[in-house]
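Note sheet for the following structure.
The values are calculated or read from the model by the stated rules, or taken from the named source; none is laboratory data. Quick caveat: nothing in here was measured; it's all calculated off a predicted structure. Don't worry about glycine lacking a Cβ; one is built from the backbone with ideal geometry, like all the others, and counts go over all protein chains shown.
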Amino acid sequence: MSPRFRLVFFAPPSAVPACKTAIFSAGTSQFRPGDAANPHIGKVGELETTEEVRVEALCASEDIARKAVEALKK
């Protein structure tokens, strides 16, 4: 049996449909975008608290997992 790879990421709820389309449980999170960041939510250097959704996908191969990560980066 081939190894399987679990891809787990967090995204703002409004971005989940696009993320799921790109690659195929809600909670609260906080982050502080760094100086080089281009944040989707919040402002550089300011602490932001926002709702996020945990998304998991099972990838059948390392190649598929790498392609999924690259799709998320776009």
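How many residues are of a type in the set (Lys, Arg) and in contact with a Pro (Cβ under 7 Å, 6 or more places away or on another chain) if we restrict to segment 44-74?
0
Can you confirm whether Pro3 is in contact with a Gly (Cβ under 8 Å, 6 or more places away or on another chain) and at pLDDT below 85?
no
What pairs can you find where one residue is in segment 56-67 and within 10 Å of Phe5 (Cα to Cα), the other is modelled with pLDDT under 80 and of a type outside the set (Lys, Arg), and their Cβ atoms are less than 7 Å apart, with a gap of 6+ or different chains?
From segment 56-67, the pairs are Ala57/Ile23; Ala57/Phe24; Cys59/Phe5; Ala60/Ser2; Ser61/Ser2; Glu62/Phe5; Ala65/Phe5.
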